[in-house]
Amino acid sequence: MKARKMAPTPIDLLIDARYIIPVEPFNTTLEHHSVAIRGGRIVDIIPSDQARLQYAASETVSLPEHIVTPGLINLHTHAAMTLMRGLADDLPLMRWLQEAIWPAETKHVSHAFVRDGSLLAGAEMLRGGITTCNDMYFFPQASAEAFDRLGMRAVLGITVIDFPSQYASDADDYLHKGLASFESWRDHPLIRFALAPHAPYTVSNRSFERIGILAGELEIPIHIHIHETSDEIASSLRDFGQRPIARLESLGLLGPNLIGVHAVHLDRHDIERLSHHRCTIAHCPISNMKLASGAAPVTQLLEQGLSVGLGSDGAASNNRLDLWREMLQASLLAKLDTGSASSLPAHQALRMATLHGARALGIDDLTGSLLPGKAADLCALRIDDPDSLPLFDPVSHLLYVLGRHCVTDVWIDGQRRVKGGELLQITNTELLSIARLWQNKLRQ
Ligand SMILES: [Zn+2]
């Protein structure tokens, strides 16, 4: 009897790629495979010759000289600070904040500043293969408008600082305004929120206690800078008689929903506390090196079972929102820090820049790896440039050879956001006029 031929299944999009690095399963490289997408979700990843028989796609994209990865997740940034890119460099953290950043923010930060800065930042991130960012800044309503327009996935901080700014007068006002934004974007498919107490040295115990309760009630992450400099620890010991992480633990803030940014200066007890409460660290190697804050003990944290994601920090302290560069620097810094060339290899760096970030944000059911059922958040990089050949191991190339200039195409939720290196949601002309407008204002 003849086998009955099955009719091909209709799908929206089929992407044929030379290589696919799905991140899950770990350490896997697929060659000549295709991603089948329907309704924004990945339905299958199978060999391309089978995919053509099994699926009838409305659109087929052929990427014969490309590597496809999950979209990257920038686990810590201050998107709007892109308008202050290069405003002040080569200063230690507190002088950089007190002499340059805080005065400029006092003078310029507004709804328009945050919307424009976030558009510029989102455009840079998308073009570099970042499909999700975890943002912390003022006026989250304005950043939500920017990320909505760009069609980019973003987790926006309900920022809390115990001093006034152009945005809010005190901690209660920050919370009130942030929660109003949270409510107004509640049903958006790409925009989410986190509570974002700025740092232990700028937030009071009373505010932390409220934040801890709210994060539990709303079931959202807590996003905070911790143990960035040795001065931060000395001042906490002086003012509170505790190291910042111990203080956060006693206030009930540590838990699996806590994303601790930087975590450069850690002793054995700090690491035990973070590990016990299953916190995530957002490692920002370039910002840490540029501000001479130090090297986070990433290898040790990973060995202790902690999840470590990667962040760019803001463009005022980096000065690019480029996660490929963060992956490379994280790997090199880990090797230098441990004296071992096998520290932080390529697959692990990519996992940090994708799946670990998604888990920290509570969205690993949606993104962070390429698995059937997840959203189609994808990034494609070209590998046909003589500068990047020969190629023997695509994952090693992602870390040591390629970069954001190789990114050709980006999809979020199955929607194309970058095509052939060009953004589809906003023009370069508009981005340039935004950058020039604020460059002139900030110069004054
Ligand atoms: Zn930061």
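The values are calculated or read from the model by the stated rules, or taken from the named source; none is laboratory data. Quick caveat: nothing in here was measured; it's all calculated off a predicted structure. Every residue, glycine among them, receives a Cβ derived from its backbone with ideal geometry; neighbour counts consider all protein chains shown. Only protein heavy atoms, including side chains, enter the accessible area calculation; ligands, DNA and RNA are left aside. Shrake-Rupley method; radii C 1.70, N 1.55, O 1.52, S 1.80 Å.
Listing for the model above:
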read-out	value
Single match in His347, His356 (criterion: out of contact with any helix residue (DSSP H, G or I) (no Cβ under 9 Å at 6 or more places or on another chain) and in contact (Cβ under 8 Å) with a residue 60 or more places away in the chain)	His356
The lone exception for Asp270 - which of (1) away from the ligand (no atom under 16 Å from the Cβ); (2) touching a residue at least 60 places away in the same chain (Cβ under 8 Å); (3) among the charged types (D, E, K, R) it fails	(2)
Unique residue being in contact (Cβ under 8 Å) with a residue 12 or more places away in the chain and over 20 Å from Phe139 (Cα atoms) when the list is His223, His198, His188, His227	His227
Of residues in segment 284-293 being more than 25 Å from Val155 (Cα to Cα) and outside any loop (DSSP other than H, G, I, E, B), the one farthest from the ligand (Cβ to nearest atom)	Met289
Criterion: outside any helix (DSSP H, G or I) and either without any contact (Cβ under 8 Å) to a residue 60 or more places away in the chain or in contact with a strand residue (DSSP E or B) (Cβ under 7 Å, 6 or more places away or on another chain) (or both) - qualifying residue of Phe182, Phe193, Phe208	Phe193
Candidates Asp44, Asp90, filtered to the one that is under 30 Å from Arg115 (Cα atoms) and acidic (Asp, Glu)	Asp90
Subset of segment 391-435 [of a type in the set (Gly, Ala, Ser) and in a helix (DSSP H, G or I)]	Ser396, Ser433, Ala435
Checklist (1) crowded, with 24+ Cβ neighbours inside 10 Å; (2) on the phi < 0 side of the Ramachandran plot; (3) under 23 Å from the mean Cα position of the chain (by Cα); (4) without any contact (Cβ under 8 Å) to a residue 60 or more places away in the chain applied to Gln141, failing item	(1)
Residues of segment 251-267 that turn out to be within 14 Å of the ligand (Cβ to nearest atom) and either open to solvent by 10 Å² or more (accessible area, probe 1.4 Å) or in a loop (DSSP other than H, G, I, E, B) (or both), as a count	2
Residues of segment 151-170 classified as surrounded by fewer than 24 Cβ atoms within 10 Å (Cβ to Cβ) and closer than 24 Å to Ala282 by Cα, total	3
Of the criteria (1) in contact (Cβ under 8 Å) with a residue 12 or more places away in the chain; (2) in contact with a strand residue (DSSP E or B) (Cβ under 9 Å, 6 or more places away or on another chain), which one Thr82 fails	(2)
Residue within segment 55-62 that is in contact (Cβ under 8 Å) with a residue 60 or more places away in the chain and surrounded by fewer than 17 Cβ atoms within 10 Å (Cβ to Cβ) present	no
Filtered residue count, segment 395-408, keeping only those that are buried (at least 23 other Cβ atoms within 10 Å of the Cβ) and either of a type outside the set (A, V, I, L, M) or out of contact with any helix residue (DSSP H, G or I) (no Cβ under 9 Å at 6 or more places or on another chain) (or both)	1
Odd one out for Ala7, checked against (1) open to solvent by less than 40 Å² (accessible area, probe 1.4 Å); (2) assigned to a loop (DSSP other than H, G, I, E, B)	(1)
Qualifying strands (runs of 3 or more DSSP E) (wholly inside segment 46-152; at least 3 residues being under 27 Å from Leu179 (Cβ atoms), within 15 Å of the ligand (Cβ to nearest atom) and at pLDDT 95 or above)	72-77, 130-135
Selection within segment 15-29 - farther than 14 Å from Ala380 by Cβ, open to solvent by 20 Å² or more (accessible area, probe 1.4 Å) and not charged (D, E, K, R)	Pro25, Phe26, Asn27, Thr28, Thr29
Number of the exception - Leu301 against (1) of a type outside the set (S, T, N, Q); (2) within 16 Å of the ligand (Cβ to nearest atom); (3) modelled with pLDDT of 95 or more; (4) out of contact with any Asp or Glu (no Cβ under 8 Å at 6 or more places or on another chain)	(2)
